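To start, I am sharing the structure in question, which I have written as structure tokens.
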Amino acid sequence: MAKANIEMDIRRHEDSAGERHDDEGPLIKYYRASEVVPGPVPALNQLLRKGPATCAAIQTSSGILSFGIGVVFAASFGISLNLLTLFRVPIITGIMFIFAGILSNLLYKHPELLQTCFIANIVCLAISGIGTILLIVDLPTGENEIEKKMEVLVLCVTLMDMLIAAVLIYWFYREKRDHKQ
């Protein structure tokens, strides 16, 4: 078996100040790009820049609020006294908005849910529209002052949810239309 004793150390020269000077130049060379090449554009890039997750988070939290108010309203007042509790308007709209908000938040990870989010928000808008009509018809008939205030609160939350759903529907529609072209 052959054996060789070869010195593998890197030799450097030092001057009087203690600085090192290499004979061959730098040992590590870095690559520097001369121009920036853009990366691939992710799916739904234009839509996700608008921030639908923020609207979806507000939609989810107001859905939780609406559901909670509906449960309190149903437990506190008689079921057959008004249309709000008879048709469980805030409970149904709350559940729908929680579901649609969670779906809209999932768009970042799963862009294929765009059509499902679009349909869920349309259903939420339709159910909220019917619920708003029932709330407006039922509002003047309440005898109790606290009951009226709670109905107005439910109406305001439902209208806010409808506005958020309308904005999301518009954004989703534009993204679908632009994606087809």
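Exactly one condition in (1) exposed (fewer than 14 other Cβ atoms within 10 Å of the Cβ); (2) under 21 Å from residue 53 (Cα atoms); (3) of a type outside the set (Ser, Thr, Tyr) is not met by residue 111; state its number.
Answer for residue 111: the failing condition is (1).
Output the qualifying pairs, or none if there are none: Cβ atoms under 7 angstrom, residues six or more apart or on different chains, first residue in the stretch 153-181 and surrounded by 15 or more Cβ atoms within 10 Å (Cβ to Cβ), second residue among the basic types (Lys, Arg) and not in a helix (DSSP H, G or I).
Listed by first residue and then by second, the contacts come to 171/50.
Can you pull out every residue in the stretch 135-147 that is in contact with a Leu (Cβ under 9 Å, 6 or more places away or on another chain), surrounded by fewer than 15 Cβ atoms within 10 Å (Cβ to Cβ) and in a helix (DSSP H, G or I)?
136, 137, 141
Would you check which residues across the stretch 99-124 are of a type in the set (S, T, N, Q) and in contact with a Leu (Cβ under 8 Å, 6 or more places away or on another chain) and list them? Spell out how you get there, then give the answer.
The initial filter retains those residues of the stretch 99-124 that are of a type in the set (S, T, N, Q), namely 104-105, 115-116, 121.
Across the stretch 99-124, the qualifying residues are 104, 116, 121.
Would you confirm, using the coordinates I've provided, whether residue 132 is crowded, with 17+ Cβ neighbours inside 10 Å and more than 13 Å from the chain's Cα centre (by Cα)?
For residue 132, the condition - crowded, with 17+ Cβ neighbours inside 10 Å and more than 13 Å from the chain's Cα centre (by Cα) - is met.
Kindly indicate whether any position in the stretch 160-180 is closer than 18 Å to residue 104 by Cα and hydroxyl-bearing (Ser, Thr, Tyr).
Yes, the stretch 160-180 contains at least one residue that is closer than 18 Å to residue 104 by Cα and hydroxyl-bearing (Ser, Thr, Tyr).
Answer yes if at least one residue in the stretch 83-92 is within 19 Å of residue 165 (Cα to Cα), modelled with pLDDT of 85 or more and either out of contact with any helix residue (DSSP H, G or I) (no Cβ under 8 Å at 6 or more places or on another chain) or of a type in the set (Gly, Ala, Ser) (or both), and no otherwise.
No, the stretch 83-92 contains no residue that is within 19 Å of residue 165 (Cα to Cα), modelled with pLDDT of 85 or more and either out of contact with any helix residue (DSSP H, G or I) (no Cβ under 8 Å at 6 or more places or on another chain) or of a type in the set (Gly, Ala, Ser) (or both).
The values are calculated or read from the model by the stated rules, or taken from the named source; none is laboratory data. Not measured: the values here are computed from a predicted model. Virtual Cβ from ideal backbone geometry, glycine too; neighbours counted across all protein chains shown.
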